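Please treat every number below as a calculation from the coordinates, not as lab data. All values reported here derive from a predicted model rather than from experimental measurement. For neighbour counting, all protein chains shown are included, and Cβ atoms are generated from backbone atoms with ideal geometry for every residue, glycine included.
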Amino acid sequence: MAAFVLTGIHVYLGLHVVTRGVIFVDLALAQVAALGMAVGVLLGFDHAEGIMYFLALGFTFLGALLFSYTRSVNERVPQEAIIGITYVVSAAVMILLFSKSPEGAEHLNHLLVGSILFVTPKEVFQTFMLYAVIGGFHWRFRTEFLAVSDSQNNGKSDVNRKLWDFLFYITFGFVVTSSVKIAGVLLVFSFLIVPAIGALLFVEGISSRLIFGWIFGLVGSILGMLASLLLDIPTGAAIVVTFGFMLVIAWLF
């Protein structure tokens with residue numbers, strides 16, 4: 001059930017991310033959120049405690065603020081470079097933090113691939129409600145978000161562009177923070193990017209791409225979970241690999 005909830009909002013946000021040309025922003029923000037959780041673990045908090053969510057959210061907001069500011073601050077430095085640096089540094093700091101923990105490897109594995117099969121119904125419901133609110137907000141202001149995501153649209157003033165950029169990254173940060181807690185960094189990236197890329201390859205129009213991406217994500221999630229159960233392998237990694245195979249097969253045929 002958690003995979004279905006994740007698919008809904010992530011495909012939509014993934015289409016925005018790909019249109020913006022900042023493919024790795026989700027991976028970077030997910031890693032920043034994971035870094036916040038790593039700090040919480042070292043402070044003695046459990047993954048299930050509420051303080052962990054707010055630590056991750058605080059770190060994610062800082063990343064969102066950075067990315068919304070750097071989009072237009074210096075055209076000589078591509079934003080993807082800033083995003084890549086943020087990801088690498090956050091990942092390195094997280095590894096350094098866990099290197100001093102006796103259970104560091106276990107915590108690192110949890111933050112990378114999550115534990116999607118063991119999410120409680122309460123967590124699924126809370127996540128669904130959060131995504132519904134964010135989805136409603138994006139639907140209400142869809143014209144502004146779509147216009148700002150289109151790099152060829154220069155009709156808005158610089159102030160409005162920065163405002164809607166910031167609102168996009170903040171709402172994106174809420175989603176990523178909740179998703180990393182459930183699914184881990186790698187699976188969050190896959191849910192955001194792979195179905196969106198598949199949709200962009202084969203269909204036109206935002207509505208058709210959303211439907212295609214949702215179907216792609218749901219089918220990939222089901223096949224990945226089946227493979228995990230049959231082969232006794234980690235579920236998150238199985239879904240990621242399934243997404244990859246599906247995209248390659250679709251591309252070839």
Rg and Dmax [Cα atoms of segment 84-224; Å; Rg one decimal, Dmax integer]: 17.6, 54
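Give the range of the longest stretch in the chain that excludes all GluC sites (Glu not before Pro) found in loop regions by DSSP and having at most 12 other beta-carbon atoms within 10 Å.
Of all site-free stretches, the longest is 104-203.
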Under a point-charge model restricted to the Cβ atoms of Lys and Arg (+1) and Asp and Glu (-1), what is the dipole moment magnitude of the chain relative to its Cα centre, in debye to the nearest 20? 480
In which sequence would SER190, SER178, SER101 go, from the one with the fewest C-beta neighbours within 10 Å to the one with the most? SER101, SER178, SER190
With segment 145-253 reduced to its Cα atoms and the Debye formula applied, log10 I(q)/I(0) at q = 0.23 1/Å amounts to -1.22
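So what's Rg/Rh here for segment 16-63, counting alpha carbon atoms and using the Kirkwood radius for Rh?
Result for segment 16-63 is an Rg/Rh of 1.11.
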Fully extended, how many nm does the chain gain between VAL248 and LEU130 (0.36 nm per residue separation, minus their Cα-Cα distance)? 39.2 nm
Stretch in the chain that is longest and holds no trypsin sites (Lys or Arg not before Pro) that DSSP places in a loop and that have at most 15 other beta carbons within 10 Å: 157-253
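What ranking do PHE212, PHE202 get, fewest neighbouring Cβ atoms within 10 angstrom at the top?
PHE202, PHE212
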Using Cα-Cα distances under 8 Å and only pairs 6 or more residues apart, what relative contact order does the chain have, in percent? 31
Show me the helices of the chain, taken as full DSSP H stretches, that run 18 Å or more along their long axis by Cα and average -1.0 or above in Kyte-Doolittle hydropathy. 2-20, 25-42, 50-70, 79-98, 121-140, 158-183, 185-202, 206-231, 235-252
Semi-axes in Å, largest first, for segment 1-135 (Cα gyration tensor, √(5λ)) are 25, 22, 12
Quote the Stokes-Einstein diffusion coefficient, in whole µm² s⁻¹, for the chain, based on the Kirkwood radius over alpha carbon pairs, a temperature of 25 °C and a viscosity of 0.890 mPa s. 133
Could you please rank ASP232, ASP150, placing first whichever residue has the fewest other Cβ atoms within 10 Å of its Cβ? ASP232, ASP150
